Each structure stands twice: as structure tokens, then as C-alpha cells.
Amino acid sequence: GTKLAYVATKDKDYFTLSSVVLYDVATKQKKQILRGVRSTLSFSPDGLYLYYSKATHANPFWSKVYDLYRYDLREEKETRLTRGARAMNPQLSRDGTKLVFVIQHDGTTNIAVSDKEGKNIRRLTNFENGEQVFTPTWSPDGSAIAFGFSRGHRQSLAMISSDGTNFRIIKDGSDSRNPAFSPGGDLLYYSSDASGIFNIYELNVNSGVEQQVTNVVGGAFLPAVRNDGSLAYALYTSTGYKIAFLSHETRQALPVSQERVSRAEQNVGRTNQQTSDGIKQEPQAKSYRNVFTSLSLVPMVRIDNYNPRNKGLDVVKPGLYFSSVDVVGKFSLFGGAALNRKFERDLFFILEYRDKVPGFYQLGLDPIVSAEVYNITRKTSNTLDLTPYFVDTDITYNLLEFDLFFKQRVLSELSELKFGYTFSRYSADIGSFVNPNDKVLYPSFRSVYLIANTFSAQFRLNDLLPSGESEINPVGRTVSLRYAFERNRFNPDGEFEVRNGFLEPVYRDYNFHRVEAVWNEHLSLPIRWHTLSLTVRGGSILGPTVDDFFDFYIGGFAGMRGYPFYALGGNEYATAHLAYRFPISRSINLRVLQFYFTKLYGSMFVDGGMAWNGSAPPLKQWKADAGFELRLESFSFYVYPTRFFFSGAYGFDRFSRTINNINVTYGREWRFYLGVLFGFELSQIGKGMR
């Protein structure tokens, strides 16, 4: 009775970050002793051990499976009692010899018991039709077990003898949960919403007399009883959950109103399987067939300025996203389409399969398979050199890509190995024109200038701390390592030769290996909610220098923002990004139209890096920039994450590049970026290389 143990998220905002706290009732000192625990807690009779359950991922597929644990409060040592038992919420008997807990299988939970070491597990109940049991507790003499029981949306109180016989519902009608016996065993305390608000009640298990113990306006849950009859419980208030204490001397029982008793009596023995017209028939079991959710359509408008020739309404590209998922998550599809008035299009479609893959499952592997298709077009014009004449003609670029990926978790649930194959086909449709030299009309034709096959392997580690702010202000690290072998047939100069009376492109083979690595480290600073982020990136095309069409590019929003995307490119590159991020407002809570705005963060950053061919240039030739960013966290239509960002960066170095015989100057100017995305971070690894 001198110590109180409870589970709390403390200053965290994510349930899986909960910890066990030990509170000294006399000194009012508290100490965090365990992390990652979401379970009811049970002391041993001598107060030296604490029993609980915890989710682990130590199984072939890294599924979340609960097991029983014991913690030695003197040695501060944790012992795992079961492995793969799917056991939750243990309680040790008063004599310290037996454990009772919830055990789960195939969507149904049951009551089970074991010895204090978690051995000799024996089921006491044999539910098979989706029934749920909760928070079992021993009677003081060990002869009975009380627990929460449900076949629907609410819990009832049930009791069973310790040998598995005499199962019965002892409290029904209202939602009643979290039972706890009095030291004498004749009283049962529990939480119930009989009055419309959850409060603590007391039920005499012999006479059936019920009394209300608390009268709170927020909610009272999880009563724990000390040997002298005093109560501790979880109290919900306007500022969150608190631990409340009610001494036996000051406690005054409140009578339950007759109206409430009558309603309870009228519903005794009823479950969600019954109606006023009689008992419903149990549904017949049948094999599962894929059932997809209704197709969701989300309209969107893009302001697309990637084609510099587009002006006015040409940059406005309306479209929509669409999605649907299998209700148990075996399939998902997501796609989008956008089109401007020049009929330039952006199309993509992604299909994911998350069920057993023949040939892989038998090997103990459980990959996620995804098939992706992308197609974009852009229109422009060009001047053909038909000496001594120059002729203007229209050109439409058509980029098509197909991806097939296999993603498998390795080493831990935080890391993933991804194998992929990508087929790319890039073409240019040349419009018809009249050759002034021979007055002949040349019809339009298609020039396929790239046919690429890429085989890749990528390792990803996502060790970000789960949090409601993990997107806008992450803490932790991510690592990505990628290798690719590319087989490319490329026509870099647009050369053609006549074969069998037709113009055929002159291809060159570019076959090479590409490696790339990205490390993001996000550090929490002593000032709460302030972070320091460091990103280091590097990549190389191994072997001789290849055409600049295949270069890495490190400018723009996804790289060094003080310079345009194509300003810094080469077969090799290295960059570093350092950002200090801080909150401006963490509780905006403003709704405008379909948007609900929640948080606003600011940051200041610096970048340094270079892209090159051959040997790395001296450091004095490397480029640097600095800037700021605003991040606005929101969601739209109640469910879709919608992140707004605005940033500006100034490039400190001025330099020139010759592109298509034109000298272009970069640097020493401000560049600004505004966008709306599902997330704030854009990883360029494996993307945007061409």
C-alpha cells in the first residue's frame, strides 16, 4: 500500500510511447521505470515484482504480439515470461502462485491462467465467435475471476470460477468495465457509464446491492483497491488524465437511482445477439472474398510551372486523386490524373498487394508487392536547322515508366529491403513541317530517345520517434542506401539513319552502376519542441563518365534550394543540410473551408555541396546557401493530411554553365518555394535523376 504503479504517456502525444511510473504515496515522488508498456499492472504480494504485458515484434513477420513480463524492482531487471503467447493484462493471485490474463487468437479473446513464471498455460473460457474479454482480476481467495466481457460495443461484468466453471454475467445494461475486488472479496469495484458519465461503482457480489462511489463530470476508470479499502483510479479532466485517490475514511457511497437500476435489470442477460423480437441467428461462416471500399475521389488543382513556355491559364492543371482499399488491407490502389488546357497530362496509378505471395511465403518471407505506372506529357516548340532555312515545329514529350517493387522487412520492423525493376520509355512527337529546300511536307513522327531497364535494391531504416508531430518536426533518424544497375539505349543527339526507307534513331548503350546514400538525423534540443536536423547525402555513377542526361541533380526544393534544380548536376555529388526548427504555434485549431489547421513551425537552414564529373573539385569551388522555411500542419476533408510549406533560400556563389551553347548564370539571388503536399519531406533518392 505504499507504492502506486501506473501507465502514462507523460509529455508524449503517441500511445505507444507510454511508460510505467512508480509513485511513492508518502513522499509523492515518482520515477519512470519502464518504457513501451500499455498494460494493466500487478504487484507481487511482497511488492518486489511488477507483472505486465508488452508488445514485441520478435517473430518471422515482425507482427505485433503481446507477451507477459516481470520486472524486478530491486535489481531493475526485466524478465520475459512467455514468447508468442498473445497474452495481455496479467494479474498475480494474492498468494503469488498463479497468473490470470487475456489470451488472443483469430480475433477472439479468452481468459487463461498459468503459474507465476508464465508456464503451464490453461484456457478457462472457450469463446470462438469474436467475443472479447478484458482486465481479469482474482478474488482474494483465488476461487473466482472477474473480468470485462463483450459481444458488441460495450462491456459487461462477468465472473468465472478458477477451474473454468460457472461462467455468468453479473452486471449488464450499462457499459461496465475494469473490475477490482475489495480486500475481503465481497465487494467488486468497477467503472460504469450508468449515469451517462463513467464513474466508479461498488457491487456486493453476494447481495447484488450496487452503490455509486464517485461523482465526477469527466470520467473515472481503472479502480485499484488498497488493503484498507482506499481507492486510486484514473480520472479524466479537461487537461487530460490524472491519478485520483479516495481514502476509505472520507469516501461516501452514493445510492444508484431507481431509474438506473430498472434499466439495468431490464437488460440483465441481454447481449447484442438478442432483440426484443427474440434471439438472432448466428451468421454462417464463409470464405473471405475481397471487398473494397467505395472509390474515394478528391479534386485538386496544380499550379505547374515546370514548362517555361506555359503562360497564364496554361499553368493551371485541375485533376483528382482516387483511392480504394480492401477492407482487411490485402489490396490498395491509389492514383491521380491532372490535365491543363493544352492537354498536357500527369497520370499515375499504384496497386499494392499485401497478402501471401506464392514462392515467397513458403520461404518465410512476407513481401509487399507494388506495381506502379507513371505517364506525363509536356508540349513545346523547336526550331529545326534545315540550312539555309530554319523551320518551327511543335514537339510533345511523352514520358512513360512502369515499376515493379518487392518490399520486405529485414533485421527489425523499422527497416526494409526493396527490390525493384523499372522500365522507362521516353519519346518526342515531332509535328509535321514543310522543308523549304524541296517543298515537301514531312509528316509528324515519333522519336523514342530513351529505352531503359533498371534493376535496383534499396535498404531503408525509419527510426523516427512516433509522434503527432513526426511529419512537421521529426525526432530520430532515417537512412536510405540504394544500388541500381541501369541498361539504357539512348539517342542523345537526336541522330537518325535511313533503314528500309524509314528514319531510325541511332542509339548508344549506356550500361552502368549507380549508388546513393542519404542519412537524416533529427535531434531534440533542451528547449522543448526545438530540434536540430542534419542531412548528409552522396551518390556516384561508378566507372567512366556518362552523358549528363543521367546526372544527379542537387538543386531545387529537394536539394540545395538556393539554386535551380538543374544548376548543379554531375555523375557524382555530395551535400549536407543543417536546419534548426522551432514552433511558432502548436495549437492553431482553425478551420477554413475543408482545411483544419493545427500547427505552425519555422526553421532556418544552411546547405553545402557540389556535383561533379571525375575527381572531386577543391572545397573552394563547392556551393553554399542559407534560407528559411515555414511549415503549416493541417488536414482536409477530416482525414487527408495536407501540409503547406513556404521557403526561401539565397545562393551565396555565382557561377555559369553552358547548356546547348547558351551561357546560363546561377546564384546570388533569392529563390522561393510554395507548395501543398501530403508530407513536408521530399526524398530525391532514386527519383528525379533525369
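The values are calculated or read from the model by the stated rules, or taken from the named source; none is laboratory data. Remember, predicted model here, so these are calculated numbers, not experimental data. Note that we place each Cβ from the backbone using ideal geometry, even for glycine, and neighbour counts take in every protein chain shown. Heads up: the accessible areas ignore ligands, DNA and RNA and are worked out on the full protein's heavy atoms, side chains in. Shrake-Rupley method; radii C 1.70, N 1.55, O 1.52, S 1.80 Å.
Scanning region 214-231 for residues that are open to solvent by less than 40 Å² (accessible area, probe 1.4 Å) and over 24 Å from residue 168 (Cα atoms) yields a total of 8. Among the criteria (1) in a strand (DSSP E or B); (2) open to solvent by less than 40 Å² (accessible area, probe 1.4 Å); (3) farther than 30 Å from residue 302 by Cβ, the one residue 427 does not fulfil is (3). The set of residues in region 641-683 being of a type in the set (Gly, Ala, Ser) and more than 30 Å from residue 458 (Cβ to Cβ) consists of 648, 651, 656, 667.
When each of 645, 652 is tested for being open to solvent by 70 Å² or more (accessible area, probe 1.4 Å) and either modelled with pLDDT of 90 or more or within 35 Å of the chain's Cα centre (by Cα) (or both), the lone residue that passes is 652.
If you go through region 340-368 and pick out every residue that is surrounded by fewer than 16 Cβ atoms within 10 Å (Cβ to Cβ) and of a type in the set (A, V, I, L, M, F, W, C), you end up with 5.
Condition test on residue 412, is it in contact with a His (Cβ under 9 Å, 6 or more places away or on another chain) and either touching a residue at least 60 places away in the same chain (Cβ under 8 Å) or surrounded by 16 or more Cβ atoms within 10 Å (Cβ to Cβ) (or both)? Yes; evaluated as a whole, the condition is true for this residue. Just one of the listed residues (485, 459, 455) is assigned to a strand (DSSP E or B), open to solvent by 30 Å² or more (accessible area, probe 1.4 Å) and in contact with a His (Cβ under 7 Å, 6 or more places away or on another chain), namely 485. Taking region 300-343 as the range and being part of a strand (DSSP E or B), over 19 Å from the mean Cα position of the chain (by Cα) and modelled with pLDDT under 90 as the test, the residues that pass are 300, 301, 302, 303. Among residues of region 441-454 that are without any contact (Cβ under 8 Å) to a residue 24 or more places away in the chain, those with a beta-carbon under 9 Å from a residue that is not in a strand (DSSP E or B) at least six positions away or on a different chain give the pairs 441/432; 442/432; 443/432; 444/431; 444/432.
Which residues, taken from region 655-690, are more than 30 Å from residue 597 (Cβ to Cβ), among the charged types (D, E, K, R), at pLDDT 80 or above and open to solvent by less than 100 Å² (accessible area, probe 1.4 Å)? 657, 669, listed by residue number. Checked against the criterion of being within 22 Å of residue 7 (Cα to Cα), within 41 Å of the chain's Cα centre (by Cα) and polar (S, T, N, Q), the candidates 192, 230 yield just one match: 192. Summed over region 357-382, the residues that are over 24 Å from the mean Cα position of the chain (by Cα) and not aromatic (Phe, Trp, Tyr) give a count of 13.
Scanning region 14-31 for residues that are open to solvent by less than 40 Å² (accessible area, probe 1.4 Å) and in contact with a Pro (Cβ under 8 Å, 6 or more places away or on another chain) turns up just one, 17.
Here is a yes/no grid of residues against (1) touching a Gly at 6+ places or on another chain (Cβ under 8 Å); (2) assigned to a loop (DSSP other than H, G, I, E, B); (3) open to solvent by 60 Å² or more (accessible area, probe 1.4 Å):
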position	(1), (2), (3)
55	yes, no, no
58	no, yes, yes
61	no, yes, no
71	no, no, no
78	no, no, yes
94	yes, yes, yes
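If you go through region 519-543 and keep only what is open to solvent by 40 Å² or more (accessible area, probe 1.4 Å) and not in a strand (DSSP E or B), you end up with 525, 526, 527, 528, 529, 543. Taking the conditions exactly as written (free of Cβ contacts under 8 Å to residues at least 40 places away in the same chain, of a type in the set (D, E, K, R) and either assigned to a loop (DSSP other than H, G, I, E, B) or touching a helix residue (DSSP H, G or I) at 6+ places or on another chain (Cβ under 6 Å) (or both)), does residue 141 satisfy them or not? So residue 141 fails the test.
Each row is one residue, and each column tells you yes or no for (1) of a type in the set (Lys, Arg); (2) assigned to a strand (DSSP E or B); (3) open to solvent by 10 Å² or more (accessible area, probe 1.4 Å).
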position: 126; (1), (2), (3): no, no, yes
position: 146; (1), (2), (3): no, yes, no
position: 153; (1), (2), (3): no, no, yes
position: 160; (1), (2), (3): no, yes, no
position: 163; (1), (2), (3): no, no, yes
position: 166; (1), (2), (3): no, no, yes
position: 177; (1), (2), (3): yes, yes, yes
position: 191; (1), (2), (3): no, yes, no
position: 203; (1), (2), (3): no, yes, yes
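Where the second residue is surrounded by 12 or more Cβ atoms within 10 Å (Cβ to Cβ) and at pLDDT below 85 and the first is at negative phi and of a type in the set (Ser, Thr, Tyr) and lies in region 297-326, which pairs have Cβ atoms under 6 Å and are six or more apart or on separate chains? These pairs meet every condition: 324/292. Considering region 391-424, and only residues there that are assigned to a strand (DSSP E or B) and of a type in the set (D, E, K, R), the residue that is nearest to residue 507 (Cα to Cα) turns out to be 401. Among the residues of region 617-633, those identified as open to solvent by 60 Å² or more (accessible area, probe 1.4 Å) and either touching a Phe, Trp or Tyr at 6+ places or on another chain (Cβ under 9 Å) or assigned to a strand (DSSP E or B) (or both) are 621, 628, 630. Quick check on region 32-43. Is at least one of its residues open to solvent by 40 Å² or more (accessible area, probe 1.4 Å) and within 14 Å of residue 243 (Cα to Cα)? The answer is no, given that none of the residues of region 32-43 is open to solvent by 40 Å² or more (accessible area, probe 1.4 Å) and within 14 Å of residue 243 (Cα to Cα). Applying the condition of being at pLDDT 90 or above and of a type in the set (S, T, N, Q) to region 369-388 and asking which residue is surrounded by the fewest Cβ atoms within 10 Å (Cβ to Cβ) yields 375. Among the candidates 636, 603, the residue that is touching an Asp or Glu at 6+ places or on another chain (Cβ under 8 Å), open to solvent by less than 20 Å² (accessible area, probe 1.4 Å) and of a type in the set (Gly, Ala, Ser) is uniquely 603. Could you run through region 389-403 and say how many residues are out of contact with any Phe, Trp or Tyr (no Cβ under 7 Å at 6 or more places or on another chain), farther than 25 Å from residue 321 by Cα and open to solvent by less than 80 Å² (accessible area, probe 1.4 Å)? Selection size over region 389-403: 1.
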